[in-house]
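Below is one structure, written out as structure tokens; the observations come after it.
The values are calculated or read from the model by the stated rules, or taken from the named source; none is laboratory data. All of these numbers come straight from a predicted model, not from anything done at the bench. Glycine gets a Cβ as well: all are built from the backbone with ideal geometry, and neighbour counts include every protein chain shown.
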Amino acid sequence: MRRTIVGAAGLLLALPVLTTISPASAAQTAQTAQTARNANACYVQAGALTTGKDSVDRYVNATSPISVKPVSTMAKAPIGDRAVSLSSEWTWDDDFGDEMSLSGNIVTGGALYQAGQLVEKGTGGKVVSSTLNRIGGGWGDFRTLTRSWSLDQSTWRTYALRNDGVLLRWSVSLDKTGKETWRANGSYAGFSAVKTVALISRTSSYDTLLATTQGGALYTIRIPLTSPMKPIVKSVRSSTWQGFETLLTSRCGQYGTLLLGIDKDTGSGYLYAVGHANGTATVINGLGKVPATFSDPVNFGWASVVDAPLFGE
């Protein structure tokens with residue numbers, strides 16, 4: 001039977017609702033206070049990869065003050081001495097008896113790989129088996145790699161931003177052997193100023209990415225699932241967000257998002273409770289600096305395959 005790691009860890013699972021934000025000033029003030037209260041039951045499960053070391057698993061909890069579960073080992077990273085330049089979000093599934101399945105995508109040596117592991121539960125990440133399947137080359141020119149998962153885990157969408165500003169989308173599925181099949185499913189140019197992105201919504205009709213720019217702006221990029229691919233971009237904030245090289249997100253209530261911004265230059269992390277995205281009227285409540293150091297070269301988010309999809313916009 002599937003169960004969540006956070007449940008075993010004793011963290012709160014009943015997340016209160018973050019309601020849709022009104023553009024009216026008085027309503028925004030009230031919503032800011034409500035967002036701060038609601039975030040107290042939420043967390044981001046943050047992972048990291050470093051060549052030759054175990055992959056990291058820690059919970060960043062939106063308590064007051066912010067608390068961090070001590071860093072633990074999820075599993076030995078299946079990369080050996082490979083230097084990883086990008087990682088997608090990773091998912092875990094504990095519906096394997098005494099074992100847990102872990103899966104994600106990484107870019108190393110300019111190539112994209114499907115990475116997977118089975119680890120023993122309660123052993124500090126002892127690896128039972130490990131796979132690393134090459135998907136294809138030509139990935140040295142990409143700066144982001146973002147998954148939009150389905151709950152059945154048999155098909156999903158992946159987005160990647162190339163250095164020339166082209167955002168590409170693939171439909172990814174698993175064949176009978178469990179190997180990923182990637183099919184190109186659209187592209188759109190014009191995002192050369194974007195620094196990093198994170199998924200904040202996955203619905204039956206669109207995905208939404210939260211993006212920062214080199215100049216410090218914060219945007220939402222809604223991507224309808226129709227073809228051709230035509231993103232809808234909205235400004236959320238015009239400045240001050242340029243310091244983050246990585247954004248990690250988790251669902252917080254019915255409509256909200258808990259956002260962890262990581263500054264790789266200083267190893268610092270900052271936590272934000274974000275109301276349902278509504279352009280510049282979006283409520284963002286800064287919860288403070290995270291009492292932890294994010295020194296690994298590559299950071300990513302962990303999620304359970306049974307987690308409710310993000311619905312932040």
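All conditions in (1) part of a strand (DSSP E or B); (2) at pLDDT below 95 hold for LEU209, with the sole exception of (2). I'd like to check something: does region 296-303 contain any residue that is part of a loop (DSSP other than H, G, I, E, B) and crowded, with 17+ Cβ neighbours inside 10 Å? Looking for residues that are part of a loop (DSSP other than H, G, I, E, B) and crowded, with 17+ Cβ neighbours inside 10 Å, one finds at least one in region 296-303, hence yes. Figure legend. Inter-residue proximity from region 201-217: first residues among the aromatic types (Phe, Trp, Tyr), second residues modelled with pLDDT of 95 or more, beta-carbon distance below 7 Å, spacing 6+ or different chains. Indicated pairs: TYR206/ARG222; TYR206/ILE223; TYR206/PRO224; TYR206/LEU225. For first residues located in region 234-259 and free of Cβ contacts under 8 Å to residues at least 60 places away in the same chain, partners that are among the small types (Gly, Ala, Ser) and not in a loop (DSSP other than H, G, I, E, B) and lie 6+ apart or on another chain with Cβ distances below 6 Å form the pairs PHE244/GLY261; LEU247/ALA198; LEU247/GLY261.
Looking only at residues of region 93-116 that are over 16 Å from LEU174 (Cβ atoms) and of a type outside the set (D, E, K, R), we find that the one that is modelled with the lowest pLDDT is GLY97.
Once region 117-147 is narrowed to residues that are under 20 Å from GLY301 (Cβ atoms) and modelled with pLDDT under 90, the residue that is surrounded by the fewest Cβ atoms within 10 Å (Cβ to Cβ) is GLY125. Condition test on VAL197, is it assigned to a strand (DSSP E or B), more than 21 Å from SER87 (Cα to Cα) and in contact with a strand residue (DSSP E or B) (Cβ under 6 Å, 6 or more places away or on another chain)? In short, no.
Take the residues in region 214-265 that are hydroxyl-bearing (Ser, Thr, Tyr) and buried (at least 19 other Cβ atoms within 10 Å of the Cβ); name whichever of them is modelled with the lowest pLDDT. Steps first, answer last, please.
Restricting attention to region 214-265, the residues satisfying the condition of being hydroxyl-bearing (Ser, Thr, Tyr) are 219-220, 226-227, 235, 238-240, 246, 249-250, 255, 257.
In the following step, the residues that additionally are buried (at least 19 other Cβ atoms within 10 Å of the Cβ) were identified as 219-220, 246, 249-250, 255, 257.
On the way: TYR219: 98, THR220: 98, THR246: 98, THR249: 98, SER250: 97, TYR255: 94, THR257: 97.
Here the residue is TYR255.
For VAL194, only one of the following conditions fails: (1) more than 25 Å from LEU247 (Cβ to Cβ); (2) β-branched (Val, Ile, Thr); (3) touching a Ser or Thr at 6+ places or on another chain (Cβ under 9 Å). What is its number? Every condition holds for VAL194 apart from (1).
Residues that are over 21 Å from ILE135 (Cβ atoms) and under 16 Å from the mean Cα position of the chain (by Cα) do occur in region 226-244. Residues of region 245-284 that are assigned to a strand (DSSP E or B) and farther than 20 Å from VAL68 by Cα: GLY256, HIS276, ASN278, THR280, ILE284. Apart from one condition, THR212 fits all of (1) out of contact with any Phe, Trp or Tyr (no Cβ under 8 Å at 6 or more places or on another chain); (2) within 15 Å of ALA198 (Cβ to Cβ); (3) not acidic (Asp, Glu); the exception is (1).
Just wondering, is there one or more residues in region 198-221 that are more than 28 Å from VAL283 (Cα to Cα) and not basic (Lys, Arg)? No, that holds for no residue.
What do you reckon, is ASN163 of a type in the set (S, T, N, Q), touching a Phe, Trp or Tyr at 6+ places or on another chain (Cβ under 8 Å), loosely packed, with under 13 Cβ neighbours inside 10 Å and at pLDDT 95 or above? Before the answer, list the steps.
Numbers: of a type in the set (S, T, N, Q): yes; touching a Phe, Trp or Tyr at 6+ places or on another chain (Cβ under 8 Å): yes; loosely packed, with under 13 Cβ neighbours inside 10 Å: yes; at pLDDT 95 or above: yes.
Here the answer is yes, as ASN163 does meet what is asked.
Taking region 102-192 and the strands (runs of 3 or more DSSP E) fully enclosed by it, the elements with 1 or more residues that are among the small types (Gly, Ala, Ser) and under 21 Å from the mean Cα position of the chain (by Cα) are at 111-120, 142-148, 155-162, 167-174, 180-188.
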